[in-house]
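The next block holds one structure in the form of structure tokens; read it before the comments.
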Amino acid sequence: MTNQRDGTGMSRKLHVKSYGCQMNVYDSQRMADMLASEGFSETVEPQEADVLILNTCHIREKAVEKVYSELGRIRRLKSRAAREGRHVLVAVAGCVAQAEGEEIIRRAPTVDLVFGPQSYHRLPELIARASGGSKVVDTEFPVEDKFDHLAPASREATKARGANAFVTVQEGCDKFCTFCVVPYTRGAEMSRPVAKLIAEVERLADAGVREIRLIGQNVNAYHGEGPDGRTWSLARLLHRLADIPGVARLRYTTSHPRDMDDDLIAAHRDLAALMPQLPVQSGSDRILAAMNRRHTSADYRSVIDRLRAARPDIALTSDFIVGFPGETESDFADTLALVDAVGYAGAFSFKYSPRPGTPAADRADQVAEDAKADRLARLQQAIDRDAAAFNKTLLGRTIDVLFEKAGRRSGQLIGRSPYLQPVQVMAPTSFLGEIAPVRITALGTNSLFGMLAKAPHLHGIVPPTASAGL
Ligand code: 5AD
Ligand code: SF4
């Protein structure tokens, strides 16, 4: 069945809803860019869409259940549209699609198309096939590199997306932590070539992007082919990208302690653009071994000590899992002790969620739900306490803020500190997309408040002369 609006000259509308990690946000944008060249325009309203894509996450059970309940809502939306004579094509993409494949169509027959993270460059063809009325499932790991087939974002689309952008530099993972589905859903570790990344970052910086976040499931395992034919490390790539005019901030996520080499630690000392923020996993030694993390708590502490020596103002964040199979109160006490010793600026913490097909899911010694909930609450309390203490150290200090969007109050903008906290500041809209020094005057629960600092070039609050203002 072809879309009613085909042939009428009206563009078809696309709505992509992203779940889970930053890579899904990046992938969703690339899908929209890919379909823009096919005449699709993006809409934020799902009920207006002719093609509706859910870009899903499989990392924890809750994330999967969210997708199925959303599909229930979409089934009703699709029937309403059908009553108006409009066909809505529903696609499920991402890691749930990869892991569940045809099962999705069995459980949610409203779905027309299922495709995995390695297939989205084939989207126009897949949509054409699914529009013909048959159900289409594509969860192959193709031999060709999808990045070679993707349409770049237009300058307008990039500008509309704001002052920071994600760039996937690496995908997949070979670490096989025993709790994690990533090696199965995203596949083997692969790094994109340096030249392609330089070109992508140059385009973004030229369109006004100031902060680049390099992303990958195990980003510091990056080992891409350099223009000199040699293999480049993440440290070398960061040095090269920091030289691109307009790039004021560089971040990278998510990394593994084992891949934190000396060069990368030195890059935190040498590159002003490299923002002091770094996520690292952790746990008790017995549990770390059972997780197949291949590092001890002491190894991890030593990485942190070296990072702090290289960059004293580094803000550390981490991910934690509580209630991994076999975790005792004493293991959990080790996690709390580690949190106390490190002093995080913030961290994500999750209850262990058994993922089908991963080794830990089959263990008989699963931790009871109420113990998991209790440990999660205690861990979050410890992390919140440290985050508040970290924020307190910023009070009265002047820090650089990258202004990202208008605030709720008129005349107010919201930006981000180098440590990723939102900062609310009274500032003219000409500051959007720019970095300016801000004095932190008050602390809120989830954000900081500040005033534009009177830096020499800002006397009388003259807006910065934007080379490529948004
Ligand atoms: N259960 C709970 N949390 C998980 N994570 C990954 N797999 C699981 C799981 N099975 C968490 C880890 C990882 C983050 C992205 O999600 O902490 O770093
Ligand atoms: Fe998953 Fe990260 Fe472990 Fe890879 S390193 S298996 S992505 S948790």
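Every read-out reported here was derived from the displayed coordinates using simple, explicitly stated rules and does not represent laboratory data. A quick note: this is a predicted structure, and the numbers were derived from the prediction, not measured. Methodologically, a virtual Cβ is constructed for each residue, glycine included, from the backbone with ideal geometry; neighbour enumeration extends over all protein chains shown.
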| For the stretch 169-184, what are the residues that are near ligand 2 (Cβ under 8 Å from one of its atoms), in a loop (DSSP other than H, G, I, E, B) and out of contact with any strand residue (DSSP E or B) (no Cβ under 9 Å at 6 or more places or on another chain)? | Cys173, Asp174, Lys175, Phe176, Cys180, Val181
| task | List every residue pair whose Cβ atoms lie under 7 Å apart, where the two residues are 6 or more positions apart in sequence or sit on different chains, the first residue falls within the stretch 98-109 and is in contact (Cβ under 8 Å) with a residue 12 or more places away in the chain, and the second residue, located anywhere, is of a type in the set (Gly, Ala, Ser) and surrounded by 11 or more Cβ atoms within 10 Å (Cβ to Cβ). | result | Gln98/Gly116; Ile104/Ala97
| message | Just to check your reading of the model, which residue among Gln381, Gln424, Gln412 is free of Cβ contacts under 8 Å to residues at least 24 places away in the same chain and either crowded, with 20+ Cβ neighbours inside 10 Å or more than 26 Å from Gly162 (Cα to Cα) (or both)? | response | Gln381
| message | Given the criterion more than 16 Å from ligand 1 (Cβ to nearest atom) and under 23 Å from the mean Cα position of the chain (by Cα), identify the matching residue among Leu274, Leu278, Leu316, Leu336. | response | Leu274
| Mind checking which residues of the stretch 224-260 are polar (S, T, N, Q) and within 16 Å of ligand 2 (Cβ to nearest atom)? | Thr253, Thr254, Ser255
| said: Within the stretch 356-375, does at least one residue satisfy the condition of being surrounded by 20 or more Cβ atoms within 10 Å (Cβ to Cβ) and under 30 Å from Pro312 (Cα atoms)? | reply: no
| under 23 Å from Glu61 (Cα atoms), within 16 Å of ligand 2 (Cβ to nearest atom), touching a residue at least 60 places away in the same chain (Cβ under 8 Å) and surrounded by fewer than 19 Cβ atoms within 10 Å (Cβ to Cβ) - does that describe any residue in the stretch 322-329? | no
| remark: Picked from the stretch 185-223 (must be away from ligand 2 (no atom under 16 Å from the Cβ) and basic (Lys, Arg)), the residue surrounded by the most Cβ atoms within 10 Å (Cβ to Cβ) is Arg210
| said: Residue under question is Ser191, and the condition is that it be within 12 Å of Thr168 (Cα to Cα) and out of contact with any Cys (no Cβ under 8 Å at 6 or more places or on another chain); does it hold? | reply: yes
| query | What tally of residues in the stretch 211-251 results from selecting those that are part of a helix (DSSP H, G or I), within 19 Å of Arg186 (Cα to Cα) and out of contact with any strand residue (DSSP E or B) (no Cβ under 6 Å at 6 or more places or on another chain)? | reply | 2
| message | Condition first: charged (D, E, K, R) and in contact with a strand residue (DSSP E or B) (Cβ under 9 Å, 6 or more places away or on another chain). Can you find one or more residues in the stretch 147-168 that meet it? | response | no
| query | Restricted to the stretch 145-178, and to residues that are within 18 Å of Asp33 (Cβ to Cβ) and basic (Lys, Arg), which residue is nearest to the chain's Cα centre (by Cα)? | reply | Arg161
| query | When the stretch 304-346 is examined, which residues are found to be hydroxyl-bearing (Ser, Thr, Tyr) and within 22 Å of Asp365 (Cβ to Cβ)? | reply | Thr328, Ser330, Thr335
